[in-house]
Amino acid sequence: MKILFVLNHEFHAARPSNHLFETLISGMLSAGWEVHTIEKHGKEQTSESVGQVPGFEKLSRHVCRLRNVDKGRLARRYLADLTYVLLCIRHYRQNRNADVVFLQSCNMAYFHIFFIERLMKKPVLYNVQDIFPLNASMVGMMRKEGLLYRALSFLQRQAYQKADMIITISEDMRSSLVGEGVPDNKIHVIYNWSYSDQVIEIADESNRFLIDKGITDAGFKVVYAGNLGAVQNVDIALKAAEILKTINGIRFYVIGGGVRKNKLMKFAEENELVNVTFYPMQPSEYAPHIYSMADLNIIPLAKGIIKTALPSKTAFCLSCGKPIIACVDTDSKFSQMLGACENCHVVGSDDAEGLAACILQNFNEGRKCRSLEERELFKNVFSKEANSAEYIRLIKEMASADK
């Protein structure tokens, strides 16, 4: 069996989804499948992880070279993605012997599927990690009444209709896709997993991030790690830090990079938030140490975004078992799932006062213990072994049905 992966990034770039595709491709290669990837070149060449994955010496790849575009430049991003589609055309012709095409979530999915259908005539599994352009409208990057939004939304709905199977990553996203007109029986939900199914147990004295950064503060650590963009709504953490800045012993650690980082740092400076420390985006090997050092991990999202995306950090945070506060829509299925766990809390996306009160309560009660319920949720819903096996089962099912 041969699988063609069409990815929206290059493996050597540090991306939160890399470990997902490494797991899938490694499993396929180990099973004797032939795998070819088409990848899009990016400017951040920070990892050589592909060469370290067992069996990846058998992987055939082609990287399309494109100029990287900042996420904030929406029109240029869509133009670059369309250019990528055109560069992929000859590779679709060259890989007509593939049995299934795996298409990663992207803005120009309709055009990819259109050419795959015409040139390869093979079934397409569309992996929806984000719902475009609905997420852009929710953070004010597009108006739903605007011509651009309506055109892009139409193209995405056509992509959903043309794809033979859709796998998305949460029940909230399934509901959103059904709302976009996708038949429910066409959608499968498989949650993203962590690097390992092992729960994380890292004591502070052996925590590489604390040691390497020289952090000796024994205070109550509130941690946000990840992208600093409009979607992530890290502003709510800074507003909570402002409310709590007179409380000795509570420290906020904001770790990451993105288009809003300078604005967040300016807010912290202007409001004299001495309880906030910023660090740049860290290599992926630090992730378990960062989430494990937290006495409280924060998962914030702009209003409505939980219905179009699910933060990749969710599985990591659950594997640590440390207290979590999610700042998301309280009517979401995600909030119900997380809020049912001991030591997990949910506040509204815009409720900075509620977030501050929840942090203060955890601090006053000295909640630093690990939650067994979190780890059970991690094992039952976010399992690397079980979830990657389900992907492979569905791909085999698609290939068999096409013959």
*Exactly one of (1) in contact with a Cys (Cβ under 8 Å, 6 or more places away or on another chain); (2) at pLDDT below 95; (3) not aromatic (Phe, Trp, Tyr) is unmet by residue 299. Its number?*
(2)
*the stretch 189-224, residues that are within 18 Å of residue 390 (Cα to Cα) and either among the hydroxyl-bearing types (Ser, Thr, Tyr) or assigned to a helix (DSSP H, G or I) (or both)*: 191, 194, 195, 196
*Given 86, 74, which one is over 22 Å from residue 26 (Cα atoms) and in contact (Cβ under 8 Å) with a residue 40 or more places away in the chain?*
74
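One line per residue, one yes/no per condition, for (1) touching a strand residue (DSSP E or B) at 6+ places or on another chain (Cβ under 8 Å); (2) surrounded by fewer than 24 Cβ atoms within 10 Å (Cβ to Cβ); (3) among the basic types (Lys, Arg):
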{"site": "238", "(1), (2), (3)": "yes, yes, no"}
{"site": "243", "(1), (2), (3)": "no, yes, no"}
{"site": "246", "(1), (2), (3)": "no, yes, no"}
{"site": "260", "(1), (2), (3)": "no, yes, yes"}
{"site": "263", "(1), (2), (3)": "no, yes, yes"}
{"site": "286", "(1), (2), (3)": "no, yes, no"}
{"site": "297", "(1), (2), (3)": "yes, no, no"}
{"site": "303", "(1), (2), (3)": "no, yes, yes"}
{"site": "312", "(1), (2), (3)": "no, yes, no"}
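Do we have residue 178 as without any contact (Cβ under 8 Å) to a residue 12 or more places away in the chain and touching an Asp or Glu at 6+ places or on another chain (Cβ under 8 Å) here? Reasoning before the result, please.
Values: without any contact (Cβ under 8 Å) to a residue 12 or more places away in the chain: yes; touching an Asp or Glu at 6+ places or on another chain (Cβ under 8 Å): yes.
So residue 178 passes the test.
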*Quick check: is even one residue across the stretch 167-177 surrounded by 16 or more Cβ atoms within 10 Å (Cβ to Cβ), modelled with pLDDT of 95 or more and farther than 27 Å from residue 233 by Cα?*
no
_Residue tally, condition open to solvent by less than 20 Å² (accessible area, probe 1.4 Å) and either touching an Asp or Glu at 6+ places or on another chain (Cβ under 6 Å) or of a type in the set (A, V, I, L, M, F, W, C) (or both), over the stretch 97-116_ = 12
*Can you find even one residue in the stretch 131-144 that is at pLDDT 95 or above and surrounded by fewer than 17 Cβ atoms within 10 Å (Cβ to Cβ)?*
no
_Filtered residues of the stretch 215-234 (kept if crowded, with 19+ Cβ neighbours inside 10 Å and in contact with a helix residue (DSSP H, G or I) (Cβ under 8 Å, 6 or more places away or on another chain))_ = 220, 221, 222, 223, 224, 225, 226, 228, 231, 233, 234
*Working only within the stretch 190-219, note down all residues that are touching a Lys or Arg at 6+ places or on another chain (Cβ under 7 Å) and either closer than 23 Å to residue 276 by Cα or of a type in the set (A, V, I, L, M, F, W, C) (or both).*
193, 199, 217, 219
*Out of the stretch 171-188, which residues are touching a strand residue (DSSP E or B) at 6+ places or on another chain (Cβ under 6 Å) and outside any helix (DSSP H, G or I)?*
187, 188
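The values are calculated or read from the model by the stated rules, or taken from the named source; none is laboratory data. Not measured: the values here are computed from a predicted model. Ideal geometry is used to build each Cβ from the backbone, glycine not excepted, and the neighbour counts take in all protein chains shown. Accessible surface is based on the protein model in full, side chains and every heavy atom, while ligands, DNA and RNA are left aside. Shrake-Rupley method; radii C 1.70, N 1.55, O 1.52, S 1.80 Å.
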